Amino acid sequence: MQLSNENSDSEKYPELNLNQLQNIMILEKGTSAPEFELNATPDQKLKRSDFLGKNLILVFYPADWSPVCGDQVVLYNEMLSIFHKYNADIVGISVDSSWCHDAFSSDRKLHYPLLADFNPKGEVSKAYGVYNEENGTSQRGLFVIDSEGIIQWSYLSPDGINPGADGIIEALETLTKK
């Protein structure tokens, strides 16, 4: 795992306080993406390695049913055809249960999986450096992982701000130029 440079964290995340900055350990470009296996439904699991051979967008978010998270996941749902043009799949990850994800996904009419980082709580979020110990949720972290499982872009957004998709698209465009 690579840790962010402590001196530049306050410049990268000016909206975070000192306690929040001390917890930043988001994995960065060039790091091998940690393997995981999480429930997509109560009886179906997905692994990161299931996506080898394709680019993968990991979207960590705090919670189903919150206003910002709802807007964010719906935006990405509307952009699925654009992501697929870059040979990319997308999955959302939060500490909510697979039952909660199932209801949320149905309500929002999502066409990509939401994975439950539920038990042990936050284990995958912690591995990617985006777990908020203070409130027990995933932080709003984005990762673009290439077809070989290497992180090519990562971004940590404040919990109350929808990061949009521009950074994801730029990272995918960079991958296709390689």
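The selection criterion, being polar (S, T, N, Q) and either in contact (Cβ under 8 Å) with a residue 24 or more places away in the chain or within 19 Å of Ser138 (Cα to Cα) (or both), does not hold for Ser106.
Residues in the range 81-93 that are open to solvent by less than 20 Å² (accessible area, probe 1.4 Å) and more than 16 Å from Asp146 (Cα to Cα): Gly92, Ile93.
Within the range 47-73, how many residues are open to solvent by 30 Å² or more (accessible area, probe 1.4 Å), touching a Ser or Thr at 6+ places or on another chain (Cβ under 9 Å) and in a strand (DSSP E or B)? Total meeting the criteria: 0.
Considering only residues in the range 16-36 that are polar (S, T, N, Q) and modelled with pLDDT of 95 or more, the one that is surrounded by the fewest Cβ atoms within 10 Å (Cβ to Cβ) turns out to be Ser32.
Would it be correct to say that Asn77 is open to solvent by 50 Å² or more (accessible area, probe 1.4 Å) and either without any contact (Cβ under 8 Å) to a residue 12 or more places away in the chain or farther than 17 Å from Leu27 by Cα (or both)? No, not satisfied. Only residues that are out of contact with any helix residue (DSSP H, G or I) (no Cβ under 8 Å at 6 or more places or on another chain) and open to solvent by 30 Å² or more (accessible area, probe 1.4 Å) were counted in the range 138-153, giving 3.
The values are calculated or read from the model by the stated rules, or taken from the named source; none is laboratory data. All values derive from a computational prediction rather than experimental measurement. Note that we place each Cβ from the backbone using ideal geometry, even for glycine, and neighbour counts take in every protein chain shown. Ligands, DNA and RNA are stripped out before the accessible areas are found, and what is left, the full protein with its side chains, is counted by its heavy atoms. Shrake-Rupley method; radii C 1.70, N 1.55, O 1.52, S 1.80 Å.
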